[in-house]
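Comments concern the structure below.
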């Protein structure tokens, strides 16, 4: 499944990670649950875990990861799969998701090579 900015299209996503065929694609700003049917898509498919990766860690990753946890999903953050224009923003995102009240018990911090499908 792909998510991106409100102005992006499927063609803007790197082919190796782009949604294929009829896989869902939602467009939103920071919180990918806001004004989209992302929660319904995930729950209808029985998905209980969200893997959060992306650039602008202090925006979409922290916001969507937080929202997913608050909506009852388990959240996995691949620390080596996030980026920001400043190292501090990446560090803060990781710290916040791993330590914030009500979030930290639903968030697992890991690296991409440890995620098994």
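The values are calculated or read from the model by the stated rules, or taken from the named source; none is laboratory data. None of these values were measured; they are calculated from a predicted model. Heads up, the Cβs are rebuilt from the backbone with ideal geometry, glycines too, and the neighbour counts pull from every protein chain shown.
Could you list all residues from segment 37-63 that are touching a strand residue (DSSP E or B) at 6+ places or on another chain (Cβ under 6 Å), crowded, with 19+ Cβ neighbours inside 10 Å and within 19 Å of residue 99 (Cα to Cα)?
Scanning segment 37-63 gives 50, 52, 53, 57, 60, 61.
Do you know which residues across segment 1-60 are modelled with pLDDT under 85 and assigned to a helix (DSSP H, G or I)?
Matches in segment 1-60: 10, 11, 12, 15, 16, 17.
How many residues are within 19 Å of residue 49 (Cα to Cα) and part of a helix (DSSP H, G or I) if we restrict to segment 80-117?
Looking only at that region, the number is 9.
Give the residues of segment 91-113 that are farther than 12 Å from residue 75 by Cβ, modelled with pLDDT under 95 and surrounded by 11 or more Cβ atoms within 10 Å (Cβ to Cβ), sorted by residue number.
If the condition is that a residue be farther than 12 Å from residue 75 by Cβ, modelled with pLDDT under 95 and surrounded by 11 or more Cβ atoms within 10 Å (Cβ to Cβ), then 111, 112 are the ones that fit.
Restricting attention to segment 13-36, report how many residues are farther than 17 Å from residue 66 by Cα and either in contact with a strand residue (DSSP E or B) (Cβ under 7 Å, 6 or more places away or on another chain) or buried (at least 16 other Cβ atoms within 10 Å of the Cβ) (or both).
So the answer is 7.
For segment 107-115, indicate whether the set of residues that are free of Cβ contacts under 8 Å to residues at least 60 places away in the same chain and touching a helix residue (DSSP H, G or I) at 6+ places or on another chain (Cβ under 7 Å) is non-empty.
Within segment 107-115 (the criterion being free of Cβ contacts under 8 Å to residues at least 60 places away in the same chain and touching a helix residue (DSSP H, G or I) at 6+ places or on another chain (Cβ under 7 Å)), the answer is yes, since at least one residue qualifies.
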